[in-house]
Every structure is written in C-alpha cells, then in structure tokens.
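The values are calculated or read from the model by the stated rules, or taken from the named source; none is laboratory data. None of the values given here were measured: they were computed from a predicted structure. All Cβ positions, even for glycine, are placed from backbone atoms using ideal geometry, and neighbour counts span all protein chains on display.
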Amino acid sequence: MDHNSTDTPQPSYDKANSKSPSRRRNGQQAACEPCRRAKLRCDHAPPVCSRCRKRRTPTQCVILAAPMTKSKRTAEAASKLPSHTLVQVSSPASCVEIRRIGSHHESKLSSESSGFLGPTSFSATVQHDSLAEEPKVVSDSNPEKPVQLRLGVQVLMQLPGEEACQSLLEWYLDNVVVVGAHKLSRRLTLKALWLSYGHLLRGQRNKVDLEIVVKELLRNESIPLKQIDDPMEWIASFSGANTRWEVIGLLFSAFAYALLSWPEKHLPLTFGEKGGDRNALVAEMKSCIDACIELCRDSLNSLVCNLLYWNVLLETVLSGDSSLSAWRLHKDLVGTTIALGLHCYQGASEVTLHSEQTKTLSACIFWSDKELSLFTGRPPSLSRRYYSCPLPLDLNDETLVCGGAELEREIGSLDQNGWNTQGRIFEATIVRMMLVFAFIQDEIMEMFLGNQEQWSLQRLDELKSRTRDSYSKFPKQLQVSKTDLIACKDDQLMWRLMMARFDYLRINFLLERLSSERGGASKRKLLEAAREMLDLTVFLWLERDRSANRKHDYDYIIMSYGIPCIGILCTEFLKQVKNPNEVEVKLPCSEIVQNLSMIIGFLDWVRPAAGNYKLCCRMSRVIRRVLDHILEPAPEHGIRDTGILLEMPDGIWPVDGLDDLDWLNSIDWTWGPFDNLDR
C-alpha cells in the first residue's frame, strides 16, 4: 500500500460550479479561508483551489459565511483582553508576530474532518470532481459548555506564577535530557502566554477573569491548526492570542518533568507549603494535563499528538511501564497518531521546522510503541508494515529556524544517508538512531510473538546482518563503548550515548536469545551480550551522580535492560555451580557475584514513588536468593529456605534442565505468591 500517494480527504464540493456560491458585497465570489487570510486571489478550482492543493492543505480550503463578522459577545470579551492584537516576542532567531488568527466566531463546516482516510476508506472512490457537492455552511452557535468552563478554570488556577513557570521551564530544557521537545517553541509559547493573558493571570486569580481566558482558548480550539512552512509563523499560530489547550498541556508536562528532578531546596521557595510534597505536586500537574487533553479532545493535530505522547511517558514514570493505565493511554496515542496520518507523512515536501518536527514526533511515537511492547511482551500497536514516515534529516533546530541559504547549505553537507558530517550530535541525530533501532525491534517482536510462519533461521540471520549494516552506517560518534562513556565530559551527552549503547546491546541480546532458544546455537554470544548489558547497568549505578536529573528513569532502565540479562546469567550461573563440568561456557564467578551485588543495591535504592518500585523489590529478592544459593550451596534435598523469599513455592525456581526463556517466564512479576510486595 502506497500511503504517501494518499492525502487527507478533500472537501467534496465544486466551488466554481455550485448553484449558490458565497458572494462578497461587491458581487465577487468569496475566497477560501487560506487565500482570504493571505489576501490573495482564489481561483476556485474544483474541488480545491490551486494554492491549497500546492500547499497540501485541502481540508482548509473552505468558504466561511461572513468570516469578518464579530458578535457582541466577542466585543465584550475583548474588553478585558490587551488592547493590542499584536504581541512582540523577542527570540534568538527573530521577532515573532503573534496575531489572532481569523475570527473566533467564524462559521465552520457542519462536519469536522475525520482525519487521515486511506485508499480503502469509504470516501476513496468519490473524490472525482463530478461527484463533489457543496458543503453545508452553518452559523456559529457553539457556546462553551459549563463543564468546559469549570474544567478550564481549575486548570488555570493550578498554573504556577510567572516566575515559577519560567524557572521550571528553563530547568526542564537545560537539565532534563528530552527528545521531541522543541526548545524555542516552548520558550516562546510560555512568554507569549503571559504577554497576552498575564493581566488576568497575575496576582490573586478570580473565576471571572479566568473564564475570559478559558473562553478564548476554547474558541481557538475550534479553529483548525494550519500547516505553515515559515517557522516563526508556525509557532505564532498557536502562541499568544492563539494559545490552545494542547499548548497549555505541553507546558504542564514540562513543569511536571522539571519537578521530578527539581532541587529539594527550591521546592518550598517556589511553591510554599505545597513544596513539601514533590509527589503531590507532580500528581497535580498530571491531573492538569489530563484536563487539557479533555478540553482539546475534539481537535486533531500534531500538538495534540505531542501532548498525548508526553502524557504516556509521564504515566509510565508515575504508575509504571507495565501499568494498565499507561497501556490504555498508549493505545489512545497510537489511535490519534494513525487518525492524523503521522504514520505516513502527509506534510510538505520542503524541509521546514514544522515538517521536521512532525517527522520527529512520528519517530518518537513509533519508538515508544516498541519500548512499551518490549517491556510488557505484548504485540506492538503500530507495525512497521504500515509505517512509511521518512526519517528527519540530521539538522540542528537553530538551522531549521533560520532557513534560507543556511538551511540549504546544511542540507547539502549531509552524507548520502542523511547524517550530519560535522561529528555533532543533535536531537535529530538521536531520533534517527531511535527509529532505526525501533524498526529492528519491531521485526524481533514479530519473531518472538508472531505465529510460527514469522520465524525462520534464515530470517534471523538476515536480520543480524542488517543490524550490523545499519549500525555501521551510524556516525562514529554514536558507536561508543563503555570506555568512551567514561571519557565523555558532557553529562547529558553521556546519558544519550549510554542509552544508544543500551539499545544496541539489547537488540543483539534478543537476537542471540532467538538463536540459542530456537535455533540451537551456542550460548557464548548470548552470554557475552548479557555480561556487557549487566556491566553497563552497573556503570549507570556507579555514575549515578552524573545523571541525577534522570533518576526517575532508573527503575525503568534496570527493569528494561538489566533484568532480562540478569535472568540469563543467573540461570547459567546456577547450572555452573551445580554441574561445573557440564556447562558450555564458564562464567567468571567474581565478576558475576560482584555485579549482581551491585544490582541489588541499585534495586534497593529505587524509591517507593517510582512507577516500577514493586517490580524492583520483587527482583531484588529473587537475585538475593540466587546469591545465597551460589555462596552457600543448598543441601542435597533442594534449595535451602533462607527466609529472604518467604512463601516461595518449590517450583518457582527449578534448576535442572531449565532454559533461559522458561526461567524468565517462571516468575510472575506482578502477581503470584507475593501478596505484599512492599515488605
């Protein structure tokens, strides 16, 4: 299926031949909205004018009834808004003009767009001009619902003060290693928010003033977000007087992530009495994000997808990666992604800030789908077989903002695979690597979880070869070892390179598991990959001071990367202790015991507030039991009861004739005999 050849469904009406076209006062036929706003002549070509077809915005090519008409209610609301409709926001790149786009009481089509509809959809065969019909135009009579007003006021009541907002956002952007958060747009949207609505948000907030802001944001929500090539115009379309609820939600997500690593001493200074409970503050921010999602539930754009993406990540931090709540939110994210068509990029062919950010978002969502699937062992929700969004180019965001000759020059300097040749690591560099790994992981999951037809030794060998080939094409600065990580002076760069190494080792580990468990191959390469993964996990623990701002991710890393390799090593080590002359590969006792001891300390360090805390407690007890059995061999009648794992059934830890996959499956991580996992 060629997804790239299918645009979103076009408005099915013939503007040129309609029986009762909309006319202006001068008798001329009215222009479509994009042409009217740009003050350009519309050619009214059926079913989409030439300009909208060229810009690939067919759903915006609509004619509104009396678009310049303003109601009395608008004038009354505007009396409390700033007298200016133009807000100047200084930025490193340029000065962005944030104008109110269109009229808040513009009429709109009676049927909102259903989003991306592919070539098998109900409308795929009725796109011919002769089958087009004029859309029904209805006057705007969509008053805000009381429940929306109440919810919006509650959200704005929880918005931190201006100084606190600025401090939290800067901490988030400067200290929290994030992928997919465009720094310039976050800074400009926050600054423009306070410039446009600060007089209603500063000081003691009251319901009357906040309802004015809520109504403005709800009206902005009814206006489709345009695809704009100019970077500053694109940011302006959802900033200042054009602020939307998804923007507010993205700001709250930044605040929540900042609070996860916010210095303890700053909490009471910033939040007063509330500052004594970090977890309560983060939960409060999370509830505001959920409310913002509810307020923009009828919108379908890249900002909504971005908000859903960060909401899923935050849910995994708070509730755990195996939680049902995270899984449900992830399904909502994937459904919205597909409805928007992000899985098969529909944007402009030109390289712009908006197009590259859209590709970045799509890649991050595809990657997160594979991460959650690997963690839970469930089939992915977004298959590579239906994913055709291209990789973002390895360009700096500042270059994309500047555009022009500088952008053309940087594009020309990329290598044939789209990587930068300067030896630098941009956000796009990491995203490209993540997407390449995600494609490999998707195929690995297919062989693990698919039917028998998906598995063959030949396919496995081909995937191994493609993995090595893909890795060899990565820039040299991404092909790192533990020695390179130790030598790296930049802590944030060290974190990103370490995660890149983790992903590559995990892919090799999974491939060698398939070779050993299904292909009957030697376990030597599997154990080598497992030992390196364990060693890198211990490295993270020993160097934890260098990544203190990411400590909320430690429980995920040790469960996702550390525990699978520990399971293999523990099983083989137990076999080696019992029958040292019968094992194929002998493991170094001192190294394994030392690293397992370190891992116990790592697991015990995880705090109760961590989403995967209970899983960490459980695995800590399992590893203790293994070390007890190794260091103090059990009597002949079986494994001695050390008292560390009370209520351990005799069959939960068989050793004789046990292969690796059986060992991993023999422990029920979330249920089983451990009713009280906190003790």
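Brief remarks follow.
- Single unsatisfied condition, SER522 versus (1) within 27 Å of ASP442 (Cβ to Cβ); (2) buried (at least 20 other Cβ atoms within 10 Å of the Cβ): (2)
- Among the residues of the stretch 612-632, the ones that are over 21 Å from LEU260 (Cβ atoms) and of a type outside the set (A, V, I, L, M) come to 8 in all.
- If the condition is being among the aliphatic types (A, V, I, L, M) and either in a loop (DSSP other than H, G, I, E, B) or touching a residue at least 60 places away in the same chain (Cβ under 8 Å) (or both), then the stretch 425-444 contributes ILE425, ALA428, ILE430, VAL431, MET433, MET434, LEU435, ALA438, ILE440, ILE444.
- Residue within the stretch 380-403 that is free of Cβ contacts under 8 Å to residues at least 40 places away in the same chain, in contact with an Asp or Glu (Cβ under 7 Å, 6 or more places away or on another chain) and not aromatic (Phe, Trp, Tyr) present: yes
- Taking the criterion of being among the hydrophobic types (A, V, I, L, M, F, W, C) and out of contact with any helix residue (DSSP H, G or I) (no Cβ under 6 Å at 6 or more places or on another chain), the residues of the stretch 540-557 that qualify are LEU540, LEU542, ALA548, ILE557.
- Residue ID - nearest to ILE630 (Cα to Cα), chosen from residues in the stretch 549-598 that are in contact (Cβ under 8 Å) with a residue 40 or more places away in the chain and hydroxyl-bearing (Ser, Thr, Tyr): THR571
- Which numbered condition GLY562 fails, given (1) touching an Asp or Glu at 6+ places or on another chain (Cβ under 8 Å); (2) surrounded by 15 or more Cβ atoms within 10 Å (Cβ to Cβ); (3) more than 25 Å from ALA254 (Cα to Cα): (1)
- Odd one out for ALA256 among (1) among the hydrophobic types (A, V, I, L, M, F, W, C); (2) closer than 21 Å to TYR613 by Cα; (3) surrounded by fewer than 23 Cβ atoms within 10 Å (Cβ to Cβ): (3)
- Residue check, ARG459 over 25 Å from TRP495 (Cβ atoms) and not polar (S, T, N, Q): yes
- Matching residues, the stretch 422-465, being exposed (fewer than 13 other Cβ atoms within 10 Å of the Cβ) and under 27 Å from the mean Cα position of the chain (by Cα): GLY423, ARG424, GLY450
- Scanning the stretch 228-249 for residues that are buried (at least 24 other Cβ atoms within 10 Å of the Cβ) and either touching a Phe, Trp or Tyr at 6+ places or on another chain (Cβ under 7 Å) or on the phi > 0 side of the Ramachandran plot (or both) turns up GLY240, ARG244, VAL247.
- When GLN458, GLN422 are checked against the criterion of being farther than 24 Å from GLY562 by Cα and assigned to a helix (DSSP H, G or I), GLN458 stands alone in meeting it.
- Residue check, SER287 among the hydroxyl-bearing types (Ser, Thr, Tyr) and assigned to a helix (DSSP H, G or I): yes
- Number of residues in the stretch 469-489 that are without any contact (Cβ under 8 Å) to a residue 40 or more places away in the chain, surrounded by 10 or more Cβ atoms within 10 Å (Cβ to Cβ) and out of contact with any Phe, Trp or Tyr (no Cβ under 9 Å at 6 or more places or on another chain) equals 5.
- Meets criteria (closer than 28 Å to ASN396 by Cβ, assigned to a helix (DSSP H, G or I) and not acidic (Asp, Glu)) for VAL214: no
- Test for SER237: is it of a type in the set (S, T, N, Q) and more than 30 Å from TRP495 (Cβ to Cβ): yes
- Number of positions in the stretch 365-415 that are part of a loop (DSSP other than H, G, I, E, B) and either among the charged types (D, E, K, R) or in contact with a Pro (Cβ under 9 Å, 6 or more places away or on another chain) (or both): 4
- When the residues of the stretch 371-404 are filtered to those that are of a type in the set (S, T, N, Q) and within 16 Å of the chain's Cα centre (by Cα), the one that is surrounded by the fewest Cβ atoms within 10 Å (Cβ to Cβ) is SER381.
- Contact annotation: residue pairs with Cβ atoms under 7 Å, 6 or more positions apart or on different chains, pairing a residue in the stretch 235-249 that is within 14 Å of ARG219 (Cβ to Cβ) with a partner that is basic (Lys, Arg) and crowded, with 24+ Cβ neighbours inside 10 Å, are PHE238/ARG244.
- For SER302, the stated conditions do not hold, so it cannot be described as under 16 Å from TYR172 (Cβ atoms) and in contact (Cβ under 8 Å) with a residue 40 or more places away in the chain.
- ALA609 meets all of the listed conditions (1) more than 30 Å from SER261 (Cα to Cα); (2) at pLDDT below 90; (3) not hydroxyl-bearing (Ser, Thr, Tyr) but one, namely (1).
- Any hit, the stretch 131-148, residues being surrounded by fewer than 15 Cβ atoms within 10 Å (Cβ to Cβ), assigned to a helix (DSSP H, G or I) and at pLDDT below 70: yes
- Identity of the residue in the stretch 36-77, hydroxyl-bearing (Ser, Thr, Tyr) and in a loop (DSSP other than H, G, I, E, B), that ends up modelled with the highest pLDDT: THR57
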